[in-house]
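A.B. asks: Let me give you the structure first, and then I'll get to my questions.
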Amino acid sequence: MIYPGSCHCQAIKFEVEAPEEVELENCNCSHCAKAGYLHLIVPLSKFTLLAGEECIATYTFNTGVAKHSFCKVCGMKPFYIPRSNPDGIDVNVHCLDTKPPKMTIVDFDGLNWEKNAHKLAHKSKE
């Protein structure tokens, strides 16, 4: 299924392809916990940016591998390139205009990222 999404001001619009039943991660790391991010990691080929490339700013920290995207206009964080899956994309489910009908939310211990990152590696594979 194709799920449309956007930032709050709608300057950035995108689509992500995912099944009707998805597993999402609720991460407790310092960044995700403060941002309220709910993770849907998919292969990059399942993501299409429809509008707003010029409105995207990027924030990096620590290793610099993760590319945290946010809207320059409204500050919303609709998607990013995750350190755990640099070949994929991580969509914030809260920014989807239509949600998958069956969502299972699992806790991810991002505070101990180095010990747990391998549990996510399969999510960006075709």
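Computed from the coordinates by the stated procedures, all read-outs in this text should not be read as laboratory data. Keep in mind the model is a prediction, meaning the values are calculated, not measured. Every residue, glycine among them, receives a Cβ derived from its backbone with ideal geometry; neighbour counts consider all protein chains shown.
A.B. asks: Can you tell me, using C-alpha contacts under 8 Å and at least 6 residues apart, the relative contact order of the chain as a whole percent?
C.D. replies: Averaging sequence separation for qualifying contacts and normalising by length gives 33 percent for the chain.
A.B. asks: If we count every other residue with Cβ under 14 angstrom of Leu40's Cβ, Lys/Arg +1 and Asp/Glu -1, where does the sum land?
C.D. replies: -3
A.B. asks: If Lys and Arg each add +1 and Asp and Glu each add -1, what is the summed charge of the other residues whose beta carbon sits under 11 Å from the beta carbon of Tyr3?
C.D. replies: Combined, the nearby Lys, Arg, Asp and Glu give -2.
A.B. asks: As a test of the formula, what do you get for the chain when each DSSP H run with n ≥ 4 contributes -39,500 (n - 2.57) and the sum is divided by the residue count, at 222 nm and rounded to the nearest 500 deg cm²/dmol?
C.D. replies: Value at 222 nm, helices only: -1500 deg cm²/dmol.
A.B. asks: May I ask which residue of Val42, Pro4, Val91 lies farthest towards the positive end of the charge dipole of the chain, with charges of +1 (Lys, Arg) and -1 (Asp, Glu) on Cβ and the Cα centre as origin?
C.D. replies: It is Val91, whose Cα lies furthest towards the positive end.
A.B. asks: If you don't mind, another one. Which net charge results when you count Lys and Arg as +1 and Asp and Glu as -1 among the other residues whose beta-carbon is under 13 Å from that of Glu17?
C.D. replies: It works out to a net charge of -2.
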